[in-house]
Amino acid sequence: MAVFCLIFTSCSTDTEINDPALQAKVDGEIFRSSIKKAVIYDDGTLVISGSEGEKSISFTTSSTKIGAYKIGQQQTVNKVSFQKNKVKFISEDGTTEGTVNITQIHNNEISGNFYFKDLKDNSGNLMNFDNGWFYRVPIETGVIAEEVIVTQEINPCLLNASLTAMIDGSEMITDDHSAAIIGVENASILITATNQDGVISIVFPSDALPGSWSLTGSGDYSATYTANRDKSSAISGRLTISEHDTDSKCISGSFEFETRSGVQVSEGFFDFGY
């Protein structure tokens, strides 16, 4: 009888797990979403979300390939948010840690696991996610509403955005570059530029005025260079902001730095909108 009960329990558990699911332990309390979905957008990003009552979770990965996506790395978790009783906790660069593991995509359904540490609300309160997992969540194709595209105001500084630099004496022309506001309190601007060989990232305060500052591997003014998934922070360098208009959100300047792994980044120039 004991053996029969054990087998029956296992079968019951398997039956339950075979249904689509998304759940996690939120600060020690189990959150199970009754509504869940995964949406793939034209740019390749994936947004997984779930909700139950007044609680909801959403996180974004940079692609849909099977593997680990960590906050702040090249193959990355771009954004995490959790809302509880109208209070929203979001990921903050430099504070939040976490990983999303995509383990399987089959029959237009996606499975995996995740954890996030130190999501922050507007008051500075922190929240953690442990033992998170999603199983056979249906995948949809996301479409941006046409009226949003028509009425959206495009920053003219984005039209001719550019970033170039010399990496150990070889010219780096980036084919993907952006500048964005990150963080809620003490917000910063994150400049990221990518090509097939590497990634340059530079962070500085969103209210920085034209001038020159030292670059290090952490703090208000910092920089990193990533090649072959080897991310190395700056040990010395300089960022010069030549123009920064916070009203039009246009910024331009130059930079140079040396990384801990010995990479020399020189003759860097950027011109962006954010």
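Before moving on, here are some points about what is shown:
- Options Asp19, Asp42: the member that is of a type outside the set (Phe, Trp, Tyr), under 30 Å from Ile200 (Cα atoms), modelled with pLDDT under 85 and exposed (fewer than 11 other Cβ atoms within 10 Å of the Cβ): Asp42
- Scanning the stretch 218-252 for residues that are without any contact (Cβ under 8 Å) to a residue 60 or more places away in the chain and on the phi > 0 side of the Ramachandran plot yields Gly219, Asn228, Gly237.
- Residue check, Pro205 open to solvent by 50 Å² or more (accessible area, probe 1.4 Å) and over 11 Å from Val265 (Cβ atoms): no
- Residues of the stretch 56-99 that turn out to be at pLDDT 85 or above, part of a loop (DSSP other than H, G, I, E, B), within 21 Å of Asp130 (Cβ to Cβ) and more than 12 Å from the chain's Cα centre (by Cα), as a count: 1
- Here Gln104 fulfils each of the conditions (1) open to solvent by 60 Å² or more (accessible area, probe 1.4 Å); (2) more than 18 Å from Val39 (Cβ to Cβ); (3) at pLDDT 90 or above apart from (2).
- Of residues in the stretch 208-239 being in contact with an Asp or Glu (Cβ under 7 Å, 6 or more places away or on another chain) and over 18 Å from Ser188 (Cα atoms), the one surrounded by the fewest Cβ atoms within 10 Å (Cβ to Cβ): Ser236
- Whether a residue is at pLDDT below 95 and open to solvent by 20 Å² or more (accessible area, probe 1.4 Å) was assessed, and Ala180 passes this test.
- Considering residues of the stretch 25-51 that are in a strand (DSSP E or B) and β-branched (Val, Ile, Thr) only, the residue nearest to Asn128 (Cα to Cα): Val26
- Ile251 vs. criteria within 25 Å of the chain's Cα centre (by Cα) and farther than 19 Å from Thr174 by Cβ: no
The values are calculated or read from the model by the stated rules, or taken from the named source; none is laboratory data. The structure displayed is predicted, hence computed values, not measured ones. When we count neighbours, we look across all protein chains shown, and the Cβ atoms used for this are built from the backbone with ideal geometry, even at glycine. Just the protein is used for accessible areas: all its heavy atoms, side chains included, with ligands, DNA and RNA removed. Shrake-Rupley method; radii C 1.70, N 1.55, O 1.52, S 1.80 Å.
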